[in-house]
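First up is the structure itself, then whatever we jot down about it.
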Amino acid sequence: MRTTMTLKPTKSTALLALSLFVTGMLSGCLGKRDEYDLPSIEVPGSFKHAPEGSKNAKQVAETAPGTVPQSISRWWRHFGNSELNDLIERGLANNYQLKAAIARIAQAHALAGVERADEWPELSASGSYEVDKPEGGVGSVEPGSSTSRRSRHLYQVGIEASYEVDLWGKNRAKTQAALERAWASLFDRETVALTLTADITQNFIEYLSLQDRIRTADWTQTTLTNMQEAVRLRVEGGEATNLQLAQQRAAVAASKAVIPVLELQAQQRINAIAVLIGQPPSKVKLKSDSLADIQFPNVNPGVPSRLIMRRPDIRQIESTLIAADADIDAARAELFPAVNLTAEAGYGARHLDFLFSPESFFFSAGATIAQIIFDAGRRESQIKYEEAQHQELVHNYVQSIYSAINEVENALVSIHYLTLRRDLQQQAVSAAVDAYGFSKESYGIGASDYLTLLDTERTLFTERDELHQVDFSRFQASVDLFRALGGSMEPEPVMVVGNQERPHVSRPPGYFQDEDAKHPIRGLVPNLPEDGHWVHVATLWSERAAWRHWRRLQQRFPDQLKTVKPEIQRQNMHGERGTWVSVLVGPYAGLQEANSLCATFQTEGNGCQVLTR
């Protein structure tokens, strides 16, 4: 049951409304909190199976909530294959799952705008015309009266305003939750992009491995066919039996039967790549045909604290966790009275000629206070539900971090032991080659029987095919490592502004990678106000969030940022990505100074990027 009291616009009403407003402002902190903290997770200083020389970090890791994810590094370039690079670029441009993820960002951003609108008054304009006959209403005219023909007209135009006073921070909490879910959709897009690039790379590597296996099967089939002819000649000379010739024919047929299976798998990998890059299989023509066409990457896994900052799926859970925290505040605010203000002003007259005369002006205003007295515990139950959901997300957040660390450890240990196995498998192949050569010579001079020769033939094929599979598993483990790390842990190249080469373009100057200075990077990169080296600290939704993030950085890095004044810059991004606010530090005269500050941020789990103009 809701108790409602309507206040007329008198002097006492105004004083009461003012007192309510002041009281609400003073007690607003009891409703919505200014900031939402994430749980601090203890993580190891380094990965257990990391290569020697990996850096250590502090054991407590924390990210910067509300910041745009670092763009996924071009980690696939570590494989050194231009064809793979082109496939991934096509996938990032054409993949429809990625486009759907971008559409989800627009949806979440629009929903955040819907929630934000509740923080503002609602204005509406209206116009109406009414006519009543008879003038006195139905049944008011006596029979035979001359007044039955009279009618009453009313013309009215006006503006209405309504506003829910957010004393307890309910609307602000709902807006915060919606914005955090918009962040989650942004991190979801990065997760889709990371998965896409890893899947393309893995299918490409598997295709190369299958080509190696097909060549080995072809060589084996050719070798066994030649040996079959030698056995046939020995049968004609009486030195071999028809049984041995039949066995050799069976071996040849078995080697041929392997090839279609491998070719089928290779074609399936091409089809999978075609789907990932958003094109039909007929458009995918691969020139690379061996694992020898790519190089095995040497990756420094970095430290676990940076893993939390890099993994977009973890950041997505963070945003969802903060949104759930804001939902708790919104649910708690429902326990307090709701205050609504309404006002209307306009003109009304019975004759159109007098509609806008001063005498036709009217206005009304009022305030309504409503407090729930009894709802059978519905609101308290809603609060308990939001709190329980938040607790569930906390546990999921911790689990996701430790699962991510476990994925990195598994990839690292797989690379280590598969490298050892590859070395041993190469020794097995060398021994099988020697054994086959000796058995072939011995069989030719009659020093060994045919079964020994057949066994060494089969062993050589098996060991060579196994070596190709070990090579593939080793490369696959490297892809799994990049996937688990959220991209490369190594610092990204410095981005350089190319505005001096294009002085007359109207759009913002493009940013270029040192390694590929002809292709602009389209992303969340701000314009630089002046020449020099800048540290791009974060990109956020609003200036308020940018300043809050800066204050948090000053608290965490007092020695580096105590006297530094940031550059807060608002910028309209490409397409429908909306408006973003960037936090820049600089300019620095030397690149080393900017890199040093960015390295300090990254060590503590804060994303950054060095830009140069």
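In the stretch 162-195, which residues are hydroxyl-bearing (S, T, Y) and not in a helix (DSSP H, G or I)? Reasoning before the result, please.
Within the stretch 162-195, the subset hydroxyl-bearing (S, T, Y) is 162-163, 175, 185, 191, 195.
Selection gives S162, Y163.
May I ask you to list the residues in the stretch 531-562 that are open to solvent by 90 Å² or more (accessible area, probe 1.4 Å), modelled with pLDDT under 75 and closer than 19 Å to Y588 by Cα?
Answer for the stretch 531-562, where residues must be open to solvent by 90 Å² or more (accessible area, probe 1.4 Å), modelled with pLDDT under 75 and closer than 19 Å to Y588 by Cα: just K562.
Hey, can you tell me all the residues within the stretch 261-284 that are assigned to a helix (DSSP H, G or I), of a type outside the set (S, T, N, Q) and either touching a residue at least 40 places away in the same chain (Cβ under 8 Å) or open to solvent by 70 Å² or more (accessible area, probe 1.4 Å) (or both)?
V261, L262, E263, L264, A266, R269, I270, A272, I273, V275, L276, K283
Write out, first by first residue and then by second, each pair whose Cβ atoms fall under 8 Å of each other, whose residues are 6+ apart or on separate chains, and whose first residue, in the stretch 212-225, is more than 20 Å from L245 (Cα to Cα) while the second is of a type in the set (S, T, Y) and in a helix (DSSP H, G or I).
Filtered contacts from the stretch 212-225: A217/S255.
Only one residue in I372, I383, I317 is surrounded by fewer than 16 Cβ atoms within 10 Å (Cβ to Cβ) and aliphatic (A, V, I, L, M), so which one is that?
On the way: I383 fails: surrounded by fewer than 16 Cβ atoms within 10 Å (Cβ to Cβ); I317 fails: surrounded by fewer than 16 Cβ atoms within 10 Å (Cβ to Cβ).
Result of the check over I372, I383, I317: I372.
Quick one: Q107 ticks every box in (1) more than 17 Å from the chain's Cα centre (by Cα); (2) more than 23 Å from V275 (Cβ to Cβ) bar one, so which box is it?
With (1) more than 17 Å from the chain's Cα centre (by Cα); (2) more than 23 Å from V275 (Cβ to Cβ) applied to Q107, the lone miss is (1).
From (1) in contact with a Lys or Arg (Cβ under 9 Å, 6 or more places away or on another chain); (2) modelled with pLDDT under 90; (3) open to solvent by 40 Å² or more (accessible area, probe 1.4 Å), pick out the condition that doesn't hold for Q389.
(1)
For residues that are buried (at least 20 other Cβ atoms within 10 Å of the Cβ) and at pLDDT 80 or above, scanning just the stretch 587-613, find the one that is nearest to E318 (Cα to Cα).
Per the stated criteria, the residue is C598.
Mind listing whichever residues of the stretch 78-88 are modelled with pLDDT of 90 or more and either more than 13 Å from F204 (Cβ to Cβ) or polar (S, T, N, Q) (or both)?
Scanning the stretch 78-88 gives N81, S82, N85.
Condition first: touching a strand residue (DSSP E or B) at 6+ places or on another chain (Cβ under 8 Å), surrounded by 14 or more Cβ atoms within 10 Å (Cβ to Cβ) and either modelled with pLDDT of 90 or more or assigned to a strand (DSSP E or B) (or both). Can you find one or more residues in the stretch 94-105 that meet it? Show your work before the answer.
Taking the stretch 94-105 and keeping what is touching a strand residue (DSSP E or B) at 6+ places or on another chain (Cβ under 8 Å), we get none.
Within the stretch 94-105, none of the residues are touching a strand residue (DSSP E or B) at 6+ places or on another chain (Cβ under 8 Å), surrounded by 14 or more Cβ atoms within 10 Å (Cβ to Cβ) and either modelled with pLDDT of 90 or more or assigned to a strand (DSSP E or B) (or both).
Considering the stretch 397-411 alone, what residues qualify as being in contact (Cβ under 8 Å) with a residue 40 or more places away in the chain and open to solvent by less than 70 Å² (accessible area, probe 1.4 Å)?
The answer is Y397, V398, S400, I401, A404, I405, V408, E409, A411.
Regarding E567, is this residue at pLDDT 65 or above, open to solvent by 50 Å² or more (accessible area, probe 1.4 Å) and not β-branched (V, I, T)? I'd like the intermediate steps shown before the answer.
On the way: at pLDDT 65 or above: yes; open to solvent by 50 Å² or more (accessible area, probe 1.4 Å): yes; not β-branched (V, I, T): yes.
Judged against the criteria, E567 is a match.
β-branched (V, I, T) and touching a helix residue (DSSP H, G or I) at 6+ places or on another chain (Cβ under 9 Å): is that true of V394 in this structure?
Details: β-branched (V, I, T): yes; touching a helix residue (DSSP H, G or I) at 6+ places or on another chain (Cβ under 9 Å): yes.
It is true that V394 is β-branched (V, I, T) and touching a helix residue (DSSP H, G or I) at 6+ places or on another chain (Cβ under 9 Å).
Considering each residue of the stretch 412-441, count those that are surrounded by fewer than 16 Cβ atoms within 10 Å (Cβ to Cβ), within 18 Å of S478 (Cβ to Cβ) and either in contact with a strand residue (DSSP E or B) (Cβ under 6 Å, 6 or more places away or on another chain) or among the aliphatic types (A, V, I, L, M) (or both), and give that number.
Qualifying residue count for the region: 2.
Sort through S442, S381 and tell me the only one that's at pLDDT 90 or above, over 25 Å from K48 (Cα atoms) and not aliphatic (A, V, I, L, M). Working first, answer last.
Details: S442 fails: at pLDDT 90 or above.
So the residue among S442, S381 that is at pLDDT 90 or above, over 25 Å from K48 (Cα atoms) and not aliphatic (A, V, I, L, M) is S381.
State all residues of the stretch 251-260 that are surrounded by 13 or more Cβ atoms within 10 Å (Cβ to Cβ) and not charged (D, E, K, R); if no residue qualifies, say none.
Quick first cut of the stretch 251-260, residues surrounded by 13 or more Cβ atoms within 10 Å (Cβ to Cβ) only: 251-252, 254-256, 258-259.
Matches in the stretch 251-260: A251, V252, A254, S255, V258, I259.
Among the residues of the stretch 285-314, what is the count of those that are open to solvent by 20 Å² or more (accessible area, probe 1.4 Å), at pLDDT 90 or above and part of a helix (DSSP H, G or I)?
Final tally of qualifying residues: 2.
The values are calculated or read from the model by the stated rules, or taken from the named source; none is laboratory data. It should be emphasised that the depicted structure is a prediction, and the values quoted were computed from it without experimental measurement. Heads up, the Cβs are rebuilt from the backbone with ideal geometry, glycines too, and the neighbour counts pull from every protein chain shown. For the accessible areas, the whole protein counts, side chains as well, though only heavy atoms, and no ligand, DNA or RNA atoms are used. Shrake-Rupley method; radii C 1.70, N 1.55, O 1.52, S 1.80 Å.
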